[in-house]
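The values are calculated or read from the model by the stated rules, or taken from the named source; none is laboratory data. Every value quoted in this text rests on a predicted model; they were computed, and no experiment measured them. Here the Cβ positions follow ideal geometry from the backbone for every residue, glycine too, while neighbour counts run over all protein chains shown. Areas reflect the complete protein model, heavy atoms only, side chains present, ligands, DNA and RNA absent. Shrake-Rupley method; radii C 1.70, N 1.55, O 1.52, S 1.80 Å.
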Amino acid sequence: MKTPLSFILAFTLLGFMTAHAADKSVLVRTCVYSVPKAAAAALLASPNLHTEPQSTIRTLRGMVAEKKASVVSNACVSGKLGNNLVAQAEFRCEARVEGGADGMFKLVIAVDKFLLGRKPHLLADLTVRRGETQFLGSLDDPAGGANTPTWILFVTVQ
Amino acid sequence: MNLRFVFTAVLLSFTTAVVHAKDKDLTVRVTVFAATKDTTATLLDDYSLASDPTTVLQKLKQLVSSRQAEVVASPVLRTTVGKRPKLEGEVAVELEASPSEAGRQNLLIAVMHGKGDQETKIVTETEVKLGVSKFLGTLEPKDTSGRDRTWLVFVQVH
């Protein structure tokens, strides 16, 4: 059967274009707020925390503006899907992102903080939508007292 | 038309592109900006560093002009594919470039500041478009002078 040359070239070009256009890079951002324990407990008890995390973030931004809370970390790292991406800052974040079909990713992320021999840590396995911020969890210093803050974490995959 | 001829021509052009990429002399520029953690959180909330790093760079330059941010370091390395150059300074950079598609460059890269417990670093593998700045991630110095700041790291390859 004779196949037109133009069809073959078009098909090959389409294949290359599709492979090139496929987005193989992601950016993982972990934002950590430091909040006094009592205020943190109230925020963490909110039923909106998982369904509307932006609402909690707005509250936290207001608390930061009033100096009742602070941004402790903006750990970000961009890299290829399927690779271990590491950002070691105030907190150490190691993430692996898979997927990407229809904007949904599988994210495995570990966050820890070295504190003079103690290491509060968090490990999460989530499905996230590209660009959507999700509540990741909270951490406390295991040796801390009532006056030590709670750290509230959010993650975004872009 | 001979299908075998078309396939060979396509394969040959792809191989040539890869070989050409392997021999190419590359200049890798890392630019590091510093801003307060709060300013950085706002920037990361308002802009997409993954999809539009150019706009963020312009915004950072405005912040530098208004003294709300500063350029920490701009180390530059020259390398070829397969080599592992290193640079030590305000930030340390180690990288290895490997072949990628025409017009792009694959990088295995680590950017670090500080030593031991004070170390903050990004370790990742990413693909960059030649001549276009890409946001790599953040560093967060733990020394007293830098504690309240986030460093935003961009990479550009020519």
Practice item. Translational diffusion coefficient, Stokes-Einstein: compute it for the protein assembly as shown using the Kirkwood radius over C-alpha pairs as Rh, at 4 °C and 1.567 mPa s, and state it as an integer in µm² s⁻¹. Key: 61 µm²/s
Check your understanding: Whole-Hz Karplus ³J(HN,Hα) for region A:36-49, in order, using 6.51 cos²θ - 1.76 cosθ + 1.60 and θ = phi - 60°, x for Gly and Pro?
Key -> x, 3, 5, 5, 5, 4, 5, 5, 6, 7, 5, x, 7, 4
Check your understanding: Here are some pairs, A:Lys106/B:Lys59; A:Lys68/A:Lys113; B:Lys59/B:Lys83; which of them have Cα atoms lying more than 27 Å apart in this structure?
Key -> A:Lys106/B:Lys59; B:Lys59/B:Lys83
Review point. Over region B:75-155, one equal point on each Cα, no solvent: what is log10 I(q)/I(0) by the Debye formula at q = 0.13, 0.15, 0.20 Å⁻¹?
Key: -0.43, -0.56, -0.91
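Just to make sure I understand: if all protein chains stay in place, what is the order of B:Leu152, B:Leu130 by accessible area at 1.4 Å, largest first?
Numbers: B:Leu152 0, B:Leu130 55 Å².
If we order B:Leu152, B:Leu130 from most to least accessible, we get B:Leu130, B:Leu152.
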**Study point:** Residue-level accessible surface for A:Glu66, protein heavy atoms, 1.4 Å, Å²
**Key:** 110 Å²
Review point. How many Cβ atoms of partner chains, on average, are near each residue of B:99-109 if near means within 10 Å of its Cβ?
Key: 1
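Working with all protein chains in place, sort B:Glu88, A:Glu90 by solvent-accessible area computed with a 1.4 Å probe, largest first.
Values: B:Glu88 140, A:Glu90 20 Å².
Largest accessible area first, the residues go B:Glu88, A:Glu90.
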Practice item. List the pair-distance distribution P(r) of chain B, using every Cα-Cα distance, as the percent of pairs falling in each 10 Å bin from 0 up to the bin containing the longest distance, rounded to whole percents. Key: 10, 35, 29, 14, 6, 3, 1, 0
Exercise for review: For chain B, return all DSSP H helices satisfying: extent of Cα atoms along own axis at least 15 Å; mean Kyte-Doolittle hydropathy at least 0.0.
Suggested key: B:3-23, B:53-65
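Tell me, what is the FRET efficiency for A:Thr51 and B:Thr80 to the nearest 0.05, using R0 = 51 angstrom and their Cβ-Cβ distance as r? Before the final figure, lay out the partial values.
Working: r = 51 Å, r/R0 = 1.00.
Computed FRET efficiency for A:Thr51 and B:Thr80: 0.50.
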Point to revise | ³J(HN,Hα), Karplus 6.51/-1.76/1.60, whole Hz, each residue of region A:59-73, x for Gly, Pro | key: 4, 5, 4, x, 5, 5, 4, 8, 6, 9, 8, 8, 8, 8, 8
**Study point:** At q = 0.18, 0.20, 0.22, 0.28 Å⁻¹, base-10 log of I(q)/I(0) for region A:33-98 (Debye sum, equal scatterers on each alpha carbon)
**Key:** -0.82, -0.90, -0.96, -1.09
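Below 8 Å, C-alpha to C-alpha, sequence gap of six or more: please give me the relative contact order for chain B in percent. Walk me through the numbers before you get to the answer.
Details: 302 pairs, mean separation 39.0, N = 158.
Contact order relative to length: 25 percent.
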Point to revise | log₁₀ of I(q)/I(0) at q = 0.09, 0.12 Å⁻¹ - region A:42-158, Debye sum with one point per alpha carbon | key: -0.26, -0.47
**Study point:** Centre separation in Å (Cα based) which lies between region B:42-93 and region B:98-158
**Key:** 8 Å
Revision key, fill the gap. Partner shielding of B:121-132, taken as the mean number of other chain Cβ atoms within 10 Å, equals 5
**Study point:** In Å², nearest 10: area of B:Thr36 left accessible to a 1.4 Å probe
**Key:** 50 Å²
Practice item. Would you check the accessible area of B:Asp117, probe 1.4 Å, heavy atoms only, in square angstrom rounded to 10? Key: 110 Å²
